[in-house]
Amino acid sequence: LEAGASYSLGADAEIIANADGTCAIDQAWMGTTLSVVRTISGADGDVAASETQSLYIPARPDAPASTVVKGANETVVGMNDGRITGVTGAMEYSADGINWTPCTGPEMNLPLGSYAVRYQATDSDFRSDSISVTVAGGAPQTRVLTMPGLTFGAATEGYARPAALNLTIRNTGNSTANIANVTVSGTAFELGGFGSAVAAGGSIATRTIRPNAGLGAGMYTATVTVAYDDGATATATVRFTVNARTETGGNTNTGGNNAGGDNAGVVPGGTTSATGTGATGGTTSATTATSASATTDTIADADAAASDAVPSGTTGAEDAADTNPTSDIGEQETPQAAGNAANADAEAGGPGSGLWIALIAALAVIVIAAVTTVAVRRRRAGRDMN
């Protein structure tokens, strides 16, 4: 166009060319063919001063599809990770509708706000209509730390100190948690390790805990506390059991055989007895009760069953000659009483030894045997006199 010249576009449309020989295209011209004629002013009005030129004005391209170009919200407030997705290098965006910025990839990371997106103009096409997309703020920030409890294997007093175990600290929130400090209650455990930042959805296992050495028997329980952002805390319980040492006792001598006689050794129940064979062919015994720990010895006086014993089958004149059997029995009661007295002494807590008790019982048997022998000899003497 000629600068400053007037042109008729048909249908009573007229324009005046700009100083650079251009003119703005009206939206109504899009997709139509214009008949362009230069006009000049005459006596009867404007008259054509040039040949008519036909000019096709292409239609404006459609705006990008809203099903393709979208606004993606910020994931978490303050993350500044909002973006426009589905764009191409043929498009551009603007926050104010005036200043436009070409897109450089399939996604454009942008601050929160509303944006117009359109296709850029080319040598053959006008810029397209635009669509509006919004990048909104995300969810509130959350930080939630958790820890599982730990149980050490049981040990026995005097144990070698167990190896440390790792504390697994997990963040189930949507923002990075920053650990301020880690503490443990009581004095039975020791903390170690390091690590302060726990990413959203992540975990760390770089801090440790270990029982102290020299703990006595018992169950030890402590609470581990993790303090992090804004005074929040996470806790876990740790346990360690120390068992008491079991002492093993020595062997106890429960008695044995007496090589010189018939020693019965230990008799449960604590009864001590001494048994001898009397002159009548029967058995005379002296028995003493002892404590449960006493030793019971049985001593058989083999000599008491010697030639002085009267055969149990003797009858006839010799029996008739014994005119005072009752007296004979009375004579035997005295040594028996002596044996009983010894038993009574033992029951009253005499010598506190099984050996002493056995000796007393043996003496009683000897006395009984001696008295029995005297009685037999007296009976024989009486028969001889008769």
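What the table below lists for this structure:
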| read-out | value |
| --- | --- |
| Candidate set from segment 96-135 (those that are among the aromatic types (Phe, Trp, Tyr) and in contact with a Pro (Cβ under 7 Å, 6 or more places away or on another chain)); member that is nearest to Ala65 (Cα to Cα) | Tyr119 |
| Selection count where residues are in a strand (DSSP E or B) and under 27 Å from Asp62 (Cα atoms), scope segment 16-35 | 4 |
| Number of positions in segment 121-157 that are closer than 30 Å to Gly78 by Cα and of a type in the set (Lys, Arg) | 1 |
| Members of segment 34-55 that are among the aliphatic types (A, V, I, L, M), open to solvent by 40 Å² or more (accessible area, probe 1.4 Å) and at pLDDT 85 or above | Leu55 |
| Selected residue (only one of Ala217, Ala199, Ala177, Ala213 is of a type in the set (A, V, I, L, M), over 27 Å from Tyr159 (Cα atoms) and loosely packed, with under 13 Cβ neighbours inside 10 Å) | Ala199 |
| Of all residues making up segment 56-89, the number that are assigned to a loop (DSSP other than H, G, I, E, B), under 30 Å from Leu34 (Cα atoms) and open to solvent by 60 Å² or more (accessible area, probe 1.4 Å) | 1 |
| Considering residues of segment 103-117 that are exposed (fewer than 12 other Cβ atoms within 10 Å of the Cβ) and not polar (S, T, N, Q) only, the residue farthest from the chain's Cα centre (by Cα) | Gly105 |
| Filter result for the condition that a residue is in contact with an Asp or Glu (Cβ under 7 Å, 6 or more places away or on another chain) and at pLDDT 95 or above, over Leu150, Leu112 | Leu112 |
| Residues located in segment 133-163, provided they are surrounded by 13 or more Cβ atoms within 10 Å (Cβ to Cβ), more than 19 Å from Val224 (Cα to Cα) and hydroxyl-bearing (Ser, Thr, Tyr) | Thr134, Thr142, Tyr159 |
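The values are calculated or read from the model by the stated rules, or taken from the named source; none is laboratory data. Source: prediction; values computed, not measured. Neighbour counts are summed over all protein chains in view; Cβ atoms, including those assigned to glycine, are modelled from backbone coordinates with ideal geometry. Note: areas computed on protein heavy atoms with side chains; ligands, DNA, RNA excluded. Shrake-Rupley method; radii C 1.70, N 1.55, O 1.52, S 1.80 Å.
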